[in-house]
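Peer 1: One structure, pasted below without further comment.
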Amino acid sequence: MSTASLFVLEATKRKSPPFVDGKFVCVRGYEKKIPTFYGIDYLSHDIPTFKLMPSENYEACVNYFKSLRLLNYPLRALVADDNINIRIACLAVYPKAVIQICQNHYLENVRKTLNVRTDPTYTPFMRRVEVLFKFKRSNNYAAFPITRSGMVGECVF
């Protein structure tokens, strides 16, 4: 089971997203670690909600998003891992939310698909992809093209 990683964006009031994450922790009475979901506001570092759940199933995820709703949290966007339960639960409680996969989980899915950790065939390609994700893209920053060696420089695409 994957660790749930959530980022929540309150687009109406903030420029930076609050941060919500899930970690598996040891809890007395449970044989295995269970997920703990908590939210940390990116700017104020406040914790708007915290939940211990028996699993990352749909019902547990709905419970988490309902707790955000009870706090009148205006969730507009969600960046999460590829756990389908998180996405479906979010849309059940916040039907207008925009959902995207987390950049780290996206890159890990590419690594797994290409077997980069066990087969060196696509390692140079993966390094080039990783470099693309290292740089912030906005009106204030230029795009950084990659050279044939995988270094930032002239564009080869």
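The values are calculated or read from the model by the stated rules, or taken from the named source; none is laboratory data. The model shown is predicted, which means the values in this text are computed figures rather than measured ones. Cβ atoms come from the backbone with ideal geometry, glycine included; neighbour counts cover every protein chain shown.
Peer 1: How many of the residues in the stretch 43-56 are of a type in the set (A, V, I, L, M) and either assigned to a strand (DSSP E or B) or buried (at least 18 other Cβ atoms within 10 Å of the Cβ) (or both)?
Peer 2: Result for the stretch 43-56: 1.
Peer 1: Show the residue pairs meeting these rules: Cβ distance below 7 Å; 6+ apart or different chains; first residue within the stretch 117-131 and without any contact (Cβ under 8 Å) to a residue 12 or more places away in the chain; second residue surrounded by 14 or more Cβ atoms within 10 Å (Cβ to Cβ) and in a helix (DSSP H, G or I).
Peer 2: Once the first residue is without any contact (Cβ under 8 Å) to a residue 12 or more places away in the chain and sits in the stretch 117-131, its partners that are surrounded by 14 or more Cβ atoms within 10 Å (Cβ to Cβ) and in a helix (DSSP H, G or I) give ARG117/ARG111; TYR122/LEU114.
Peer 1: Another question, then. Go through the stretch 57-140 and tell me which helices (runs of 4 or more DSSP H), entirely inside it, have 2 or more residues that are under 20 Å from the mean Cα position of the chain (by Cα) and farther than 27 Å from PHE24 by Cα.
Peer 2: In the stretch 57-140, 123-134 are the helices (runs of 4 or more DSSP H) which contain 2 or more residues that are under 20 Å from the mean Cα position of the chain (by Cα) and farther than 27 Å from PHE24 by Cα.
Peer 1: Is it the case that some residue within the stretch 31-42 is touching a Cys at 6+ places or on another chain (Cβ under 6 Å), at pLDDT 70 or above, loosely packed, with under 15 Cβ neighbours inside 10 Å and assigned to a loop (DSSP other than H, G, I, E, B)? Show your work before the answer.
Peer 2: Of all residues in the stretch 31-42, those touching a Cys at 6+ places or on another chain (Cβ under 6 Å) come to 33.
From what's left, at pLDDT 70 or above: 33.
Applying the additional criterion that residues be loosely packed, with under 15 Cβ neighbours inside 10 Å yields 33.
Checking the rest, the ones that are also assigned to a loop (DSSP other than H, G, I, E, B) come to 33.
Within the stretch 31-42, one or more residues are touching a Cys at 6+ places or on another chain (Cβ under 6 Å), at pLDDT 70 or above, loosely packed, with under 15 Cβ neighbours inside 10 Å and assigned to a loop (DSSP other than H, G, I, E, B).
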